[in-house]
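Please read the structure below before turning to the comments.
All of the numbers you see were taken from the coordinates with simple rules; none came from a lab. Please read these numbers as outputs of a predicted model, since none were measured by experiment. Using ideal geometry, Cβ is built from the backbone for each residue, glycine included, and neighbour counts are taken over all protein chains shown.
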Amino acid sequence: MNRKPIFAANWKLNKSIAETHSYFETIARHSVNPNHADVMIAPPYTHLPAAIASSPTWAAIGAQNVSAELSGAFTGEVSIQVLAELGCQYVIVGHSERRALFGETDALLSDKVRRVIQAGLTAIFCVGETLEEREAGATTAVISTQIKGALKPLAHLIEGHIDQLVVAYEPVWAIGTGKVATPDQAQQVHHAIRAELASHLGLDASRMIRIQYGGSVKPDNIVDLMKQPDIDGALVGGASLSPDSFYEIIKNGVSANESLG
Ligand code: PGA
């Protein structure tokens with residue numbers, strides 16, 4: 001199955017608003033054919049209006065998080081409706097930093113994915129194992145629990161909105177560490193993710209849903225990752241902070257994908 005690759009930038013808690021403007025000035029000098037790849041950039045919440053105002057047409061803007069609630073007494077939260085009103089098209093849900101540092105559970109993440117899809121945006125739902133879990137041979141079990149907990153309850157909703165769900169496999173031990181998973185390691189887990197998706201959402205859906213790899217992706221390692229049959233793009237942290245290196249990842253990733261025919 002030929003899935004269009006998707007490359008996403010996760011800025012995390014980085015950059016000022018002034019830097020946001022100059023980032024988009026630089027990246028807008030490049031261009032990406034929207035038939036070849038989808039591109040998404042997720043700055044902090046406060047930078048979204050600046051990013052939306054200055055992003056080139058080929059780059060959609062996304063948020064790094066969203067509230068599971070729509071309105072009310074939830075101090076510090078931001079609702080999906082406001083993100084939609086701003087013009088966001090994507091939301092990253094369940095990044096391992098949200099899970100580990102902010103105690104987000106699979107049940108909460110399920111509510112968040114539901115909000116995102118119901119509002120007409122696309123959720124990038126993150127899964128991944130820690131080093132201890134990998135060393136204990138628990139990688140597949142961890143991923144299966146994460147998918148079962150968050151996506152299985154939404155099977156019916158997802159069935160009608162397959163294109164509004166992207167899964168990102170981000171081994172926690174590879175995030176921000178410079179230790180990228182080998183293409184074989186990543187492919188094995190992507191394959192297992194697709195099998196898990198098939199068991200809850202059906203074979204057709206599992207073949208259509210795009211699965212990104214994330215964790216120390218750089219312009220020089222994206223090529224071999226993209227050659228794997230179940231890797232459909234990347235979620236990039238550190239290397240997305242430079243517009244030129246993020247663009248190079250997209251360019252190299254697209255040409256690796258094209259070379260597969
Ligand atoms: P990294 O982060 O590319 O800096 O490893 C990836 C992520 O956390 O999404």
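Assorted remarks:
- Using the Karplus relation 6.51 cos²θ - 1.76 cosθ + 1.60 with θ = phi - 60°, the per-residue 3J(HN,Hα) values for the range 155-164 come to 3, 5, 5, 5, 3, x, 9, 4, 6, 9 Hz, with x marking Gly and Pro.
- Rg/Rh ratio calculated on Cα atoms of the range 97-224 (Kirkwood radius): 0.95
- Taking amide H as placed 1.01 Å from N in the peptide plane, the amide H of TRP11 sits under 5 Å from that of ALA42, each at least 5 places away or on another chain.
- Proximal lysine pairs, the chain, alpha carbons under 28 Å, eight or more residues apart or interchain: 29
- Proximity of backbone amide H atoms, modeled 1.01 Å from N, is registered between GLY214 and TYR169, GLU170, LEU235 at under 5 Å, excluding neighbours fewer than 5 places apart on the same chain.
- Relative to the globular-protein estimate of 2.2 N^0.38 Å, the Cα radius of gyration of the range 30-70 stands at 1.33.
- 12 Å beta-carbon shell around LYS12, net charge (K/R +1, D/E -1): +1
- Scattering curve values for the chain, log₁₀ I(q)/I(0), Debye with Cα scatterers, q = 0.15, 0.17 Å⁻¹: -1.06, -1.41
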